[in-house]
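A quick write-up on the structure given underneath.
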Amino acid sequence: MTDLNAEVTAAAAAVATVHRDRLQCRRGCSGCCVDGLTVFRIEADLIRERFADLLGAGEPGREGACAFLDAQGGCRIYEVRPYVCRTQGLPLRWLEEDEEGWLEYRDICPLNEPGPPLEELDESDCWTIGPWEGRLAELQKHVYGDRGRVRLRELFDKSSSEKAGE
């Protein structure tokens, strides 16, 4: 899992380098860090392993925001942040099929919008959603036999219920 995280980080850094003048993402910029995000179980297990103390004794961040944000909007699990967090802020590209064929969609955080229009970017200058998630799903399926996901806030909930002896 850590090898895949390193690959994602390197690939995302390459896209970020292309857009260094437009990206406004910094520590404390947490508008994309919303409640309800889900991660693969294999990612959740890495967080449980590396941050057992936080999950056992800490409290989740405020409702509505990611459970792992601190009071200043910084990520408390940054070193093992999930895949979705490693790619936030980048120009995103994905494909969807409908009855007429494949359609391409693009999006970017509103803070990072100023710059060349997304439609004019080469596809290699966008983070294409799909291939990396597929690799992550296959890794999890190999380890666990499923592709189940976990809400980030539930990592605290389970620790809390265990502490309470439920």
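General observations
- All positions within the range 1-35 that are touching a helix residue (DSSP H, G or I) at 6+ places or on another chain (Cβ under 8 Å), more than 21 Å from Pro114 (Cβ to Cβ) and not charged (D, E, K, R): Met1, Thr2, Leu4, Asn5, Val8, Thr9, Ala11, Cys33
- So Val34, is it among the β-branched types (Val, Ile, Thr), closer than 11 Å to Leu152 by Cβ and at pLDDT 90 or above: yes
- With respect to the conditions (1) within 18 Å of Cys33 (Cα to Cα); (2) at pLDDT below 95; (3) surrounded by 15 or more Cβ atoms within 10 Å (Cβ to Cβ), Glu63 falls short on a single one, namely (3).
- In the range 116-147, the qualifying residues are those that are among the aliphatic types (A, V, I, L, M) and either part of a helix (DSSP H, G or I) or modelled with pLDDT under 95 (or both), and the one that is farthest from Leu90 (Cα to Cα) is Val143.
- Candidates in the range 98-124 are the residues that are of a type in the set (A, V, I, L, M, F, W, C) and within 17 Å of the chain's Cα centre (by Cα); of these, the one that is farthest from Cys33 (Cα to Cα) is Ile108.
- Residues satisfying the stated conditions in the range 1-57, i.e. polar (S, T, N, Q), farther than 21 Å from Lys141 by Cβ and crowded, with 16+ Cβ neighbours inside 10 Å: Ser30
- Glu97 falls short on exactly one of the conditions (1) in contact with a helix residue (DSSP H, G or I) (Cβ under 6 Å, 6 or more places away or on another chain); (2) in a strand (DSSP E or B); (3) modelled with pLDDT under 95, and that condition is (1).
- So Leu95, is it surrounded by fewer than 16 Cβ atoms within 10 Å (Cβ to Cβ) and within 20 Å of the chain's Cα centre (by Cα): yes
- Candidates Val84, Val150: the one that is of a type in the set (A, V, I, L, M), assigned to a strand (DSSP E or B), within 20 Å of Thr2 (Cβ to Cβ) and within 15 Å of the chain's Cα centre (by Cα) is Val150.
- Test for Arg20: is it assigned to a loop (DSSP other than H, G, I, E, B), without any contact (Cβ under 8 Å) to a residue 24 or more places away in the chain, farther than 14 Å from Cys109 by Cβ and not hydrophobic (A, V, I, L, M, F, W, C): yes
- Matching option when the condition is assigned to a helix (DSSP H, G or I) and of a type in the set (A, V, I, L, M, F, W, C), among Val15, Val39: Val15
The values are calculated or read from the model by the stated rules, or taken from the named source; none is laboratory data. What you see is a predicted model, and the numbers here were worked out from it, not measured in a lab. Cβ atoms come from the backbone with ideal geometry, glycine included; neighbour counts cover every protein chain shown.
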